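Data first, discussion second: the structure below is written as structure tokens.
Bear in mind that the values in this text are calculations on the coordinates, not laboratory data. Computed from a predicted model, the values in this text were never measured in an experiment. Virtual Cβ from ideal backbone geometry, glycine too; neighbours counted across all protein chains shown.
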Amino acid sequence: MAITLDVNGRTQEVDTDPATPLLYVLRDYLKLNAAKFGCGLGQCGSCTVMVDGQAVFSCVTPVMTLEGRKVTTLEGLGTIDAPAPIQTAFIEVQAAQCGYCIPGMMMSAQALLQKNPQPSEREIRDALRTNLCRCGTHMRILAAIRRAGELMKSAAAEKAGTG
Amino acid sequence: MTQDINRRTILKAGGALIVSFSILPAWAQEAAQPAPGPKLPGSLNDERFLDSWIRIDAEGKIVVFTGKAELGQGIKTALIQVAAEELEVEPADIALVTADTGRTADEGFTAGSQSMQNSGTAIRNAAAQVRELLLAKAAEKFGTGSGELKAAEKVITAPDGRKAGYGELAAAIDLHIEAKPQSMLKAPGTLRIIGKSLPRVDIPAKVTGGIAYVQDLRLEGMVHARIVRPPSYNATLAQVDASRIEAMPGVIKVVRDGNFLAVVAEREYQAVSAMRALATAAQWIENETLPDETRLPEMLAGLEREVGTVAQEGAPHFDGKVF
């Protein structure tokens, strides 16, 4: 069955079983690497993407629920040559060991920062409760999210200044 | 028992804490018959040619090879630092190829904190020896002693200002030669890159959706498989009617080999769906049961065991604070 999806601002038609979880469509059909299969049960957060600005587990979200909604993956935020503030922050702080959980962490953080540009430490930790890291990179991840908040704030100020 | 003794010997020799019980094949090569010729540093002892580790083309492009894999421990960055240091170039000048069965040395598993010790040692020594070969070739060209020459930025400069690039010098050198046991390693006080904390080269791809993991490989004509796990240890597959599963969308084949059961499909989620259906269709005979949970201590105490010394060196020594 053909399903029309809006992924990273591009409209894409995918011919698949409507029950297919979004994660498999992103990775297997659209060849996007960022969202990762971790547990497949919505328990680890490595598959996290944004749907209409909300962080969701793509491994348990059937694609049929997503027509007409905006899906954003880490690829949709920025590129290696033109990184988004959250990506710049994670590189600056070197907030990754194996890195497998990091795209999911970044999408949860991005969803938080879009709603709440200056979150408290408590709010950051709450937003990331759904994301697990087995390497133990947590303190750097928290530092990177704080840094991303600063970068977004200065980018917004610059935009307001020039605009 | 032989296996056990080998493992202990190797654990002791490696001086590393290794929590694993299936690593033997990887370390076994270290314990195997010594390679012919003198003992070479690190993994050079097994992969003895300089060009197994370092190649420089006529344009001066430097490629370094390691049999170890980047797992987020940062070895790509660290090995590049080691190579750049001894070759007297910048880290950005090095292209590193990691753990490619067709192109790199077979260095076994990437485990046990052995990558810098074995691969790093090999690369450092190979890089130093390649640098010395470049200097010697330049000395020959300039008619000077190699000690008077300076290597920097992929160029060797004579005291009178004459210059020769790594590319042109490398074109005149055969690097397919065995390494020597001794290398002219840079003195610790002269190190420019080793010992510095560099940004990890693998992180940018990992935070932008680049190709960084095995899961990100998409090969031409690749299909997907999923295995149906038995319900318990040593269960035997009595029967399975796979006809319904073989008719599912995208399913290419149900594979049965004794108690092994799997399904291959065109798309990954088709394989997942078919695997779930196949698991329902499979009938297993369970042969073993788990021990009685209420009697675990007795069960453990009753297992076959061996008492012995894993390693003993020197005398116990303590001069710390007593709490």
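Orientation-averaged projection of the range B:218-312 equals 11.1 nm² [convex hull of Cα atoms, one quarter of hull surface area].
Across the range B:308-320, rounded Karplus estimates of 3J(HN,Hα) from the backbone phi angles (6.51 cos²θ - 1.76 cosθ + 1.60, θ = phi - 60°) give x, 9, 6, 7, 9, 9, x, 10, x, 9, 8, 9, x Hz, Gly and Pro being marked x. Summing charges over all other residues whose Cβ lies under 12 Å from the Cβ of B:I245, with Lys and Arg as +1 and Asp and Glu as -1, gives +3. For the pairs B:K141/B:K163; A:K31/A:K153; B:K68/B:K150; A:K36/B:K206; B:K39/B:K150; B:K39/B:K154, note any where the Cα-Cα span goes beyond 21 Å. From the list (B:K141/B:K163; A:K31/A:K153; B:K68/B:K150; A:K36/B:K206; B:K39/B:K150; B:K39/B:K154), the Cα-Cα distance tops 21 Å for A:K31/A:K153; B:K68/B:K150; B:K39/B:K150; B:K39/B:K154. For trypsin sites (Lys or Arg not before Pro), the sites in the range B:264-323 that DSSP calls loop and that have at most 13 other Cβ atoms within 10 Å are B:R305, B:K321. Taken along the Cα-to-beta-carbon direction at a fixed 7 Å, the label points for B:E286 and B:R305 span 2.9 nm.
Sparse packing (at most 15 other Cβ atoms within 10 Å of the Cβ) combined with a DSSP loop state is found for the following trypsin sites (Lys or Arg not before Pro) in the range B:41-70: B:K61. In angstrom, the C-alpha Rg and Dmax of chain B are 27.1, 85. The modelled label-to-label distance for the pair B:V223/B:Q182, using points 7 Å beyond Cα in the direction of Cβ, is 6.0 nm. Alpha-carbon geometry of the range A:11-71: the Rg and the Dmax are 10.5, 29 Å, given in that order. Note on the protein assembly as shown: Kirkwood hydrodynamic radius from all Cα pairs is 27.0 Å, rounded to one decimal. For the residues B:A95, B:A122, B:A271, a GNM of chain B with alpha-carbon springs under 10 Å puts the largest fluctuation on B:A271. Please go through the range A:31-99 and write out the trypsin sites (Lys or Arg not before Pro) that DSSP classes as loop and that have at most 16 other C-beta atoms within 10 Å. Counting only loop positions with at most 16 other Cβ atoms within 10 Å, the trypsin sites (Lys or Arg not before Pro) in the range A:31-99 are A:K31, A:R69.
What the Cβ-Cβ distance of A:E13 and B:A247 gives, at R0 = 30 Å and to the nearest 0.05, is a FRET efficiency of 0.70. Normalising by residue count, chain A has a Cα convex hull of 114 Å³ per residue.
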